[in-house]
Each structure stands twice: as structure tokens, then as C-alpha cells.
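Engineer: Got a structure here, written out as C-alpha cells. Questions coming.
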Amino acid sequence: MDSSAPRGSWPLGKVLKVFPDKRGLVRSVKLQTKTNIIVLQLTIKPWPRTVLWGAGSTPCWRIMIVLEEKNLQGYNQKLLSFEKGEHKSKEVMDMNPRGQLPSFKHKNYVLNDSYAACMYLESQFSQGKKLIPDCPAEQALMYQRMFECLDFHQKMAIVIYYNWMVPEAERHDSAVKRNREDLSAEIKLWEGYLQKASGSFVAGKNFSLADVVFFPSVAYLYRFGFCEERYPNLAAYYNSLKDRPSIKASWPPTWLENPQGQDLLKDL
Ligand SMILES: N[C@@H](CCC(=O)N[C@@H](CS)C(=O)NCC(=O)O)C(=O)O
């Protein structure tokens, strides 16, 4: 049962008190029945949620951070290998005809886009951390940064995956140079945002969906050798969030197995 479930009108009687566990899930309920007061112990049967994911994929990581933040652990998950082409398997194609990961399902609802899945989870589950602020000014900034992050991620991906994305005959040094310059300008923009930020998060005083989508891309920068000294605000942001429980719990397992990254971005 989710802690957001109706509390006041149980058929057995009036709810006097709910006892959540440390994840916010209701474990027992104290009820006033017609004749006496009872405490019901609840068996938790999680609603079926499935994530098909690939390690090191930022879109997959976003969904997993939200599931952690919303105390929705215990979901079905399957780690698939991009190297083995498992993202093009029938199992994925049946859920996501683009053959991409993540592929996420809650009950019969399939959400194949990380932004869509994160926003859906936030709107359907009130338990755990609130990830969209109510205050209009904070919400506006949060949405702005959240969607701007698509630019950042795209510019980073084209630098990191250039050889993988562009066939050899179509590669050009001039394109590599331009892509790196674009990424560099983009990073400066975010360094400036963080410098002016009012808290330690990318869009305001609280951790929000903007951080959910931004942090995995920032972690990618460092995985690919990005220099901490040159951009102190980005480094401070990365270091303050990398040990956040939701982020630590969903850290890409391949990065844990092989902590040594690459140095592709060391001169950026
Ligand atoms: N818009 C999607 C993008 C998902 C995506 O690009 N996934 C990549 C891995 S990070 C993928 O599966 N690539 C394999 C392919 O496109 O064939 C989202 O945010 O969820």
C-alpha cells in the first residue's frame, strides 16, 4: 500500500494513526472500530513496476533516482547489455519500438521516455521526496533547467559518442572541434547557473526533477575525465550530490566494477 492511499474511510473503522516505515510505506494502522481499538499489520504488495535498463545510461539512471527518491524500491528490473544488442531484443521492442532503454512500465502503462516516466512517477506517487516545487517561481525555474538539460546532454553525447554515432567515412576533424566548442560553451552556461544558484541544487533550494535529469549528465562529464579545478561550481555540485542515497543506490554498476573512466574530456 502506498502511504498516499485513502486513510480516513476504511470499512473496518476510523483510522486513528498510521505507522509508516523509514521508507514512508504504511506498515500498520490503528483503527477505531464500533467496539474497540485495533492495530492492523499490513502486508505490502507493491504495484507492479518494471524497468528495463542499461548500465551507464543517463536516461535509465534518471528513472532509478526517482524510484529511490519516491521510496518505490523493490520494483522488477532487468539490466540489459548494449554491447550484446539486448536493447534490440524482442522483449524491449515489444515495449519500446525504438529499441531504446529505458523502457518503463507501471501496471499496463508503458513510458519509454525518461522525462515522461519521471514526471509520471512524481504525479502518481505523493510518498517520499516531493520533486516538483509548488511555488510558481521555483517551479518555473525547475522546468526551465530540466528541459534545458536536454541540450546539455545532447552536446555531451555527440562529443563522447562521436565515433559510435558517425560512420567512419562521414567523420570530420572540423566537426569534432565544433562539437567540443559547443559543449564547452554549454558547460560554461551551467557553471554560471550554479554560481548564481541560491542553494546547492541546480534549480533552487531543494533537490528536484531538474537535479534528477542534470546530475547523471554531470557524473558523465567526470567519468570521461572532466577537470574539477576549471569549473569549481560544477565540481561542488557533483561532490555534494554524488553521495545522496538515491544517487548512490542507483550508481551505474559498471562504474563501480570499473572505477577508472576515460580521459576524453580532460582538456575541455
Ligand atoms: N528520450 C529517451 C532516450 C533514450 C536513449 O537515447 N537511450 C539510449 C541509451 S542512453 C539507447 O537506448 N540507445 C540505443 C539506440 O538508440 O539504439 C529517454 O530520455 O528516455
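Engineer: So if each residue of separation counts as 0.36 nm, and I subtract the Cα-Cα distance between THR33 and GLU181, what length gain in nm does that give?
Structural biologist: Contour length minus the Cα-Cα distance gives 46.4 nm.
Engineer: Show me, bin by bin at 5 Å from 0, the whole-percent P(r) of segment 49-124 based on Cα pairs.
Structural biologist: With 5 Å bins starting at 0, P(r) equals 3, 18, 31, 27, 13, 6, 1.
Engineer: I would also like to ask the following. Please report the equivalent ellipsoid semi-axes of segment 105-223, computed as sqrt(5 x eigenvalue) of the Cα gyration tensor, largest first, in whole Å.
Structural biologist: 30, 20, 10
Engineer: Mind computing the radius of gyration and Dmax over the alpha-carbon atoms of the chain? Å is fine for both.
Structural biologist: Cα-based Rg and Dmax for the chain come out at 21.5, 81 Å.
Engineer: Starting from 0.36 nm per residue, how many nanometres of slack lie between SER174 and VAL18 once their C-alpha separation is accounted for?
Structural biologist: Full extension from SER174 to VAL18 adds 49.9 nm.
Engineer: Name the residue, out of GLN139, GLN73, GLN41, whose mean-square fluctuation peaks in a Gaussian network model built on the chain with Cα pairs under 10 Å.
Structural biologist: Fluctuation is largest for GLN41.
Engineer: Could I ask something else about it? Give me D for segment 87-137 in µm² s⁻¹, whole number, from Stokes-Einstein with Rh from the Kirkwood sum over alpha-carbon pairs, 10 °C and 1.306 mPa s.
Structural biologist: Answer from the Stokes-Einstein relation: 128 µm²/s.
Engineer: For the chain, set up a Gaussian network in which alpha carbons nearer than 10 Å are linked by springs, and say which option among TRP190, TRP53, TRP61 fluctuates the most.
Structural biologist: TRP190
Engineer: Could you state the number of Å between the C-alpha centres of segment 144-178 and segment 220-249?
Structural biologist: Segment 220-249 and segment 144-178 have Cα centres spaced 21 Å from each other.
Engineer: Heavy-atom accessible area per residue, the chain, 1.4 Å probe: how many Å²?
Structural biologist: 54 Å²
Engineer: Right, here's the next one. Build a GNM of the chain with springs between Cα atoms under 10 Å: which of VAL212, VAL202, VAL29 gets the top mean-square fluctuation?
Structural biologist: Taking springs between Cα atoms under 10 Å, the residue moving most is VAL29.
Engineer: Using θ = phi - 60° and the Karplus form 6.51 cos²θ - 1.76 cosθ + 1.60, what ³J(HN,Hα) does each residue of segment 89-94 get, whole Hz, x for Gly and Pro?
Structural biologist: Values, residue by residue: 5, 4, 4, 6, 4, 5 Hz.
Engineer: Ok, one more. Could you look at the chain and say what percent of its accessible area is carbon and sulfur, using a 1.4 Å probe and all protein chains?
Structural biologist: Reported share for carbon and sulfur atoms: 53 percent.
Engineer: Does anyone have the angle between helix 173-196 and the longest principal axis of the chain? Alpha-carbon axes, 0 to 90°, nearest 10?
Structural biologist: Between helix and principal axis, roughly 50 degrees.
Engineer: Ok, one more. Of the cross-linked pairs LYS70/LYS196; LYS17/LYS129; LYS88/LYS242; LYS84/LYS130; LYS105/LYS155, which ones have a Cα-Cα span greater than 26 Å in the structure shown?
Structural biologist: From LYS70/LYS196; LYS17/LYS129; LYS88/LYS242; LYS84/LYS130; LYS105/LYS155, over 26 Å: LYS70/LYS196; LYS88/LYS242; LYS84/LYS130; LYS105/LYS155.
Engineer: OK, next. Quick check on the chain: helices-only [θ] at 222 nm, where DSSP H runs of length 4 and up contribute -39,500 (n - 2.57) each and the sum goes over total residues. Nearest 500, please.
Structural biologist: Rounded to the nearest 500, the figure is -13500 deg cm²/dmol.
The values are calculated or read from the model by the stated rules, or taken from the named source; none is laboratory data. Note that the coordinates shown come from a computational prediction; the quantities given were computed from them, not determined experimentally. These area figures cover heavy atoms from the full protein model, side chains too; ligands, DNA and RNA do not enter into them. Shrake-Rupley method; radii C 1.70, N 1.55, O 1.52, S 1.80 Å.
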